[in-house]
Amino acid sequence: MGCLYLVLQRAADWVNAQKVAGFKLEIIRLLGRTPVLFFEVAGTKPDAANQPTVLVYGHLDKQPEFDGWRSDLGPWTPKYMADKLYGRGSADDGYAVYASIASVLALKKQNVAHPRTVGLIETCEESGSPDLLPYVDALRKRMGDVALVICLDSGAGNYDQLWLTTSLRGMISGTLQVEILTEGIHSGDASGLLPSSFRIMRQVLDRLEDSKTGHL
Ligand SMILES: [Zn+2]
């Protein structure tokens with residue numbers, strides 16, 4: 001848990017150092033839950049206080065570093081090469097908080113008025129986000145009237161256009177069991193007389209997803 005705080009503190013220090021006008025940031029920890037980073041940027045549109053809020057979401061926990069890194073790169077030795085950053089979590093999802101603040105700064109630099117923006121950066125996404133909803137409940141009032149949620153946790157196929165992910169795979173978990181016998185029978189006796197349990201299982205799964213077309 002100490003590690004998570006360090007990661008959050010690092011991000012918080014960078015964000016605070018940007019001195020964004022109208023900015024407030026807090027590391028929040030509900031009892032028995034992983035901590036989150038919560039920030040608010042005051043809107044600059046006329047009448048911003050009465051207009052809907054934009055919520056940016058990301059996470060700062062990461063998958064384990066795994067092996068297979070190129071010999072001149074590594075998870076703990078971040079490196080810039082040809083304008084790209086290589087290191088653990090540079091994509092999923094260490095960038096989210098930095099990109100959010102950089103976007104707000106870019107708007108301010110160009111004198112583009114922006115709505116009130118709040119950010120929620122969690123630290124248990126890779127474990128299935130068990131703590132996210134309790135934080136949404138706890139911060140609901142402070143988030144305000146959210147009209148747009150931007151999740152910075154996806155990929156881009158190139159840098160020439162804006163890429164949006166409109167849906168993600170869902171997940172169903174369960175145990176599928178196919179039983180054709182109540183006791184073991186020697187293969188020499190049963191082959192050809194009894195149906196194959198694997199073939200039945202394939203057909204059952206095909207009812208959920210057509211294996212030829214992927215149609216659900
Ligand atoms: Zn992610």
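The values are calculated or read from the model by the stated rules, or taken from the named source; none is laboratory data. For clarity, every value in this text was computed on a predicted model and none was experimentally measured. Glycine also receives a Cβ, built like all others from the backbone with ideal geometry; neighbour counts cover every protein chain displayed. Only protein heavy atoms, including side chains, enter the accessible area calculation; ligands, DNA and RNA are left aside. Shrake-Rupley method; radii C 1.70, N 1.55, O 1.52, S 1.80 Å.
Considering only protein heavy atoms and a probe of 1.4 Å, how much of the accessible area of segment 172-216 is carbon and sulfur, as a whole percent? Before the final figure, lay out the partial values.
On the way: 2320 of 4320 Å².
Carbon-and-sulfur percentage of accessible area, whole number: 54.
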Task: Choice from Glu26, Glu126, Glu183 with maximal GNM fluctuation in the chain (Cα, 10 Å cutoff) - done: Glu183
TODO: For the chain, find the longest principal axis of its Cα atoms and tell me its angle to the long axis of helix 2-17, 0 to 90°, nearest 10.
DONE: 40 degrees
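Rounded if a/c is under 1.5, else prolate if a/b is larger than b/c, else oblate: which is segment 1-40, with a ≥ b ≥ c the root eigenvalues of its Cα gyration tensor? Spell out each step's value before the answer.
On the way: a/c = 5.02, a/b = 1.70, b/c = 2.96.
Oblate is the answer for segment 1-40, as a/c is 1.5 or above yet b/c matches or exceeds a/b.
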- [ ] Name the residues whose placed amide hydrogens come within less than 5 Å of the amide hydrogen of Ile150, ignoring near sequence neighbours (fewer than 5 apart) on the same chain.
- [x] Leu55, Val56, Tyr57
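Work out the FRET efficiency for Ala99 and Ala138 from their Cβ-Cβ distance, taking R0 = 22 Å, and round it to the nearest 0.05. Don't jump to the answer; show the numbers that get you there.
On the way: r = 25 Å, r/R0 = 1.12.
So, using R0 = 22 Å, E works out to roughly 0.35.
Roughly to the nearest percent, how much of the accessible area of segment 2-151 is carbon and sulfur, given a 1.4 Å probe?
C and S atoms contribute 57 percent here.
Would you mind getting the accessible area per residue of segment 2-151, heavy atoms of the protein chains only, 1.4 Å probe, in Å²? Spell out each step's value before the answer.
Working: 8740 Å² over 150 residues.
Heavy-atom SASA per residue in segment 2-151 reads 58 Å².
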Open item on the list: Can you give me the accessible area per residue for segment 172-216, using a 1.4 Å probe, in Å²?
Closed with: 96 Å²
Task: Karplus 3J(HN,Hα) series, Hz, for segment 60-73 with 6.51 cos²θ - 1.76 cosθ + 1.60 (x for Gly, Pro) - done: 10, 7, 9, 5, x, 6, 6, 10, x, 6, 4, 4, 8, 10
Open item on the list: With angles folded into 0 to 90 degrees, how steeply does helix 96-109 sit against the dominant principal axis of the chain? Use alpha carbons for both and round to 10.
Closed with: 40 degrees
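Shape of segment 63-193 from its Cα gyration tensor (a ≥ b ≥ c, root eigenvalues): rounded if a/c is under 1.5, otherwise prolate when a/b > b/c, or oblate? Please list the in-between numbers first.
Working: a/c = 2.93, a/b = 1.77, b/c = 1.66.
Note, shape of segment 63-193 comes out prolate.
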- [ ] Provide the per-residue ³J(HN,Hα) series for segment 39-50, in order, calculated from phi with Karplus coefficients 6.51, -1.76, 1.60 and θ = phi - 60°, each as a whole number of Hz, with x at glycine and proline positions.
- [x] 9, 9, 10, 4, x, 10, 6, x, 6, 4, 4, 9
- [ ] Would you mind checking the tilt of helix 132-143 against the longest principal axis of the Cα atoms of the chain, expressed as 0 to 90 degrees and rounded to 10?
- [x] 30 degrees
Task: C-alpha center-to-center spacing [segment 1-47, segment 158-210] in angstrom - done: 44 Å
- [ ] Springs between alpha-carbon atoms under 10 Å, Gaussian network over the chain: tell me which of Ile185, Ile101, Ile150 tops the mean-square fluctuations.
- [x] Ile185
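Once the other residues with Cβ under 10 Å from the Cβ of Cys124 are scored (Lys, Arg +1; Asp, Glu -1), what is the net sum? Don't jump to the answer; show the numbers that get you there.
Numbers: positive: Arg33; negative: Asp61, Glu122, Glu125, Glu126, Asp131.
Overall, the nearby charge balance is -4.
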- [ ] Sticking with the crude label model, points 7 Å out along Cα→Cβ, report the distance from Gln177 to Thr213 in nm, one decimal please.
- [x] 3.4 nm
Task: Estimated distance in nm for a label pair at Arg70 and Thr166, the labels positioned 7 Å out from Cα along Cα-to-Cβ - done: 3.5 nm
Open item on the list: Only Cα pairs within less than 10 Å get springs; with that Gaussian network setup on the chain, which residue of Leu152, Leu194, Leu60 has the largest fluctuation?
Closed with: Leu194
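What FRET efficiency would be calculated for the residue pair Ser129, Ile200, taking the C-beta separation as r and a Förster radius of 30 Å, to the nearest 0.05?
Details: r = 35 Å, r/R0 = 1.18.
With R0 = 30 Å, the Cβ-Cβ based efficiency is 0.25.
Which entries in Lys62/Lys108; Lys62/Lys212; Lys24/Lys109; Lys19/Lys84; Lys24/Lys79 show an alpha-carbon gap greater than 27 Å? Walk me through the intermediate numbers first.
Working: Lys62/Lys108 30 Å; Lys62/Lys212 34 Å; Lys24/Lys109 19 Å; Lys19/Lys84 25 Å; Lys24/Lys79 31 Å.
Lys62/Lys108; Lys62/Lys212; Lys24/Lys79, as the Cα separations exceed 27 Å there.
Mean residue ellipticity at 222 nm from the helices of the chain, using -39,500 (n - 2.57) per DSSP H segment of n ≥ 4 over the full residue count, to the nearest 500 deg cm²/dmol? List each step's numbers first, then the result.
Details: 5 runs with 58 residues, N = 216.
Taken over the chain, the calculation gives -8500 deg cm²/dmol.
Suppose a student asked you for the relative contact order of the chain, using Cα pairs under 8 Å spaced at least 6 residues apart; what percent would you report?
23 percent
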- [ ] Decide, for segment 1-152, between rounded, prolate and oblate: order the square roots of the alpha carbon gyration tensor eigenvalues as a ≥ b ≥ c, take rounded if a/c falls under 1.5, and otherwise choose prolate if a/b is larger than b/c, else oblate.
- [x] oblate
Task: In Hz, Karplus ³J(HN,Hα) per residue of segment 175-187 (6.51, -1.76, 1.60; θ = phi - 60°; x = Gly, Pro) - done: 10, 9, 10, 10, 10, 10, 9, 9, 8, x, 10, 4, 4
